[in-house]
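First up is the structure itself, then whatever we jot down about it.
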């Protein structure tokens with residue numbers, strides 16, 4: 001037996017609703033990526049001087065294990081930060097390219 005118009009309409013409405021939910025979710029993802037990128041840029045701007053200071057102090061005190069440890073930890077954190085910012089920017093660019 002063929003489907004009725006009521007069945008077709010109900011299915012069409014379901015498809016439209018689910019499609020709209022997906023579109024809204026995509027918009028939320030774009031907004032979330034913008035927010036992440038903005039927060040990372042603020043983080044970088046806020047702590048640029050600190051990062052330079054740690055590097056300078058560690059360079060001036062090569063035998064001070066505490067400062068060398070602080071620099072090593074800072075280097076790891078900066079590497080993670082760069083990786084996260086790059087991933088967020090690449091995701092945003094990929095979405096924009098669609």
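Here residue 42 meets each of (1) within 18 Å of the chain's Cα centre (by Cα); (2) loosely packed, with under 10 Cβ neighbours inside 10 Å with one exception, condition (2). Among residues of the range 8-33 that are within 27 Å of residue 93 (Cβ to Cβ), those with a Cβ under 7 angstrom from a residue that is surrounded by 10 or more Cβ atoms within 10 Å (Cβ to Cβ), sequence gap 6+ or separate chain, pair up as 30/95; 33/88; 33/91; 33/92. Checked against the criterion of being within 17 Å of residue 84 (Cβ to Cβ) and in a helix (DSSP H, G or I), the candidates 66, 51 yield just one match: 51. Residues in the range 49-89 that are surrounded by 11 or more Cβ atoms within 10 Å (Cβ to Cβ) and within 16 Å of residue 39 (Cα to Cα): 77, 78, 81, 82, 84, 85, 86, 87, 88, 89. Screening residue 10 on (1) touching a helix residue (DSSP H, G or I) at 6+ places or on another chain (Cβ under 9 Å); (2) surrounded by 10 or more Cβ atoms within 10 Å (Cβ to Cβ) shows it passes everything except condition (1).
Hey, among 82, 66, which residue is over 22 Å from residue 25 (Cβ atoms) and either over 22 Å from the mean Cα position of the chain (by Cα) or in contact (Cβ under 8 Å) with a residue 24 or more places away in the chain (or both)? Answer to the check: 66.
Quick note: the coordinates plus some simple rules give every number you see, no bench work behind them. If you're wondering where the values come from, they're calculated on a predicted model, not measured in any experiment. Neighbour counts run over all protein chains shown; Cβ positions are idealised from the backbone, glycine included.
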